[in-house]
Structure formats: structure tokens, C-alpha cells
Amino acid sequence: MSHSVDATTALPGAAPAPVVFVGGFWRRLAAGVVDGACLAPALLLLGWLASRVGGLTLPSQLRFESLLELFLEGGGLFYSLLVVVVIIILVYGFLFTVTTGATPGLRLVGLRVINVYGEPPQWWRALLRGVGLLLGTGLLGLGLLWVGFDREKRGLHDWLAGTYVIRASRSD
């Protein structure tokens with residue numbers, strides 16, 4: 001005879017599940033802006049060095065048309081630089097997520113990353129989250145915009161890695 005337990009009732013002796021609040025789209029966007037500001041000096045310096053060493057001509061103004069033209073006509077140096085920039089961004093996110101559970105931007109806006117069990121994500125989940133971030137960005141950003149429409153406020157990267165971005169408690 002099988003016995004089923006209603007998920008809405010607690011098991012005798014079991015601790016009640018903690019209540020968490022997920023971080024919404026705007027708060028996560030603000031965290032991304034902060035992280036971008038943290039990375040910008042290093043990435044700009046890298047771009048300047050690449051332009052000096054390799055003779056890459058960078059646009060004087062960062063307009064969409066200029067960046068699109070550079071992307072379409074960039075050549076090997078530009079694409080190599082683009083790969084290095086993507087790797088730096090992914091390593092930044094990976095290291096902070098694995099070591100502290102939050103990037104500086106997430107921490108500043110009061111968020112942190114957890115796995116489906118409520119614990120800090122394992123290294124392989126953080127790595128998978130980075131791959132999902134690449135995929136979500138590569139799909140014209142739709143994997144990231146999905147956070148605004150998803151009932152659980154999870155983007156493609158969160159679904160692939162089995163993570164949530166939640167509001168950090170005061171003790172974190």
C-alpha cells in the first residue's frame with residue numbers, strides 16, 4: 001500500500017521550508033548596470049591596449065551604428081578581443097557566484113543566487129549559469145528579458161542551471 005503526503009502539510013518533525021522572495025527584473029537590471037560599471041574600466045583599458053598593439057581603429061563615439069560597423073568589419077583582432085571580453089565577463093560572474101553567492105551588483109541591490117535547494121550554487125551550476133547567460137544574450141537578449149515575464153522571475157540561465165536570484169536576508 002502506498003502512502004502519499006500532501007505537499008501543503010509539513011511532515012512531523014520536519015523544519016518548515018524557508019520563505020524566500022525572488023529578485024525581480026528591475027532589481028536584477030540595476031545589478032547588471034552596477035556589474036557593468038565595475039567591469040567597464042578593465043574592458044576599456046583592454047580595448048585601448050588592443051587598439052594600440054594591433055592597430056584596431058575604435059570609434060570615437062560609442063553609438064550603435066559605430067559598434068555594428070566595427071562588429072561587421074572588425075577582423076581577427078576585433079573578434080579575438082570580443083572573445084576575451086566575453087571570457088572576462090563570464091569569469092567575473094562565475095568567481096563571485098561561486099565564492100560569495102552574488103556579484104557586487106547583486107550584493108549592492110540586496111540579491112543573491114541560490115540553487116533549487118536554497119544553498120549557494122555549486123561550481124558546475126555557476127558555470128552552467130554562465131553558459132545560459134551567453135545563450136540568453138545570443139538570442140537577442142530574450143533569455144534575459146524572460147525574467148520580466150516568468151512567474152518565478154527566472155531567466156534562461158537560471159532555468160538551465162537550476163538557480164534562483166532571491167532577496168538576501170539581513171544575515172547574509
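Table for the structure above
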quantity	calculated
Candidate set from the range 158-172 (those that are over 14 Å from the mean Cα position of the chain (by Cα) and without any contact (Cβ under 8 Å) to a residue 40 or more places away in the chain); member that is farthest from Ala30 (Cα to Cα)	Ser171
Single condition Ile87 does not satisfy, out of (1) within 30 Å of Gly55 (Cα to Cα); (2) exposed (fewer than 14 other Cβ atoms within 10 Å of the Cβ); (3) modelled with pLDDT of 95 or more	(3)
Residue list for the range 40-57, restricted to those being surrounded by 13 or more Cβ atoms within 10 Å (Cβ to Cβ) and either more than 19 Å from Gly105 (Cα to Cα) or touching an Asp or Glu at 6+ places or on another chain (Cβ under 7 Å) (or both)	Leu46, Gly47, Ala50, Ser51, Gly54, Leu56
Which listed residue, of Gly118, Gly130, Gly136, is touching a residue at least 40 places away in the same chain (Cβ under 8 Å), not in a loop (DSSP other than H, G, I, E, B) and not hydrophobic (A, V, I, L, M, F, W, C)	Gly130
Of all residues making up the range 146-157, the number that are without any contact (Cβ under 8 Å) to a residue 12 or more places away in the chain and assigned to a helix (DSSP H, G or I)	1
Residue within the range 25-39 that is loosely packed, with under 15 Cβ neighbours inside 10 Å, modelled with pLDDT of 70 or more, of a type in the set (Phe, Trp, Tyr) and over 17 Å from the mean Cα position of the chain (by Cα) present	no
Every residue from the range 90-108 that is of a type in the set (A, V, I, L, M, F, W, C) and either over 14 Å from the mean Cα position of the chain (by Cα) or surrounded by fewer than 14 Cβ atoms within 10 Å (Cβ to Cβ) (or both)	Val91, Leu95, Leu108
Residue in the range 68-84 that is at pLDDT 90 or above and under 30 Å from Arg154 (Cα atoms) present	no
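The values are calculated or read from the model by the stated rules, or taken from the named source; none is laboratory data. Computed from a predicted model, the values in this text were never measured in an experiment. Methodologically, a virtual Cβ is constructed for each residue, glycine included, from the backbone with ideal geometry; neighbour enumeration extends over all protein chains shown.
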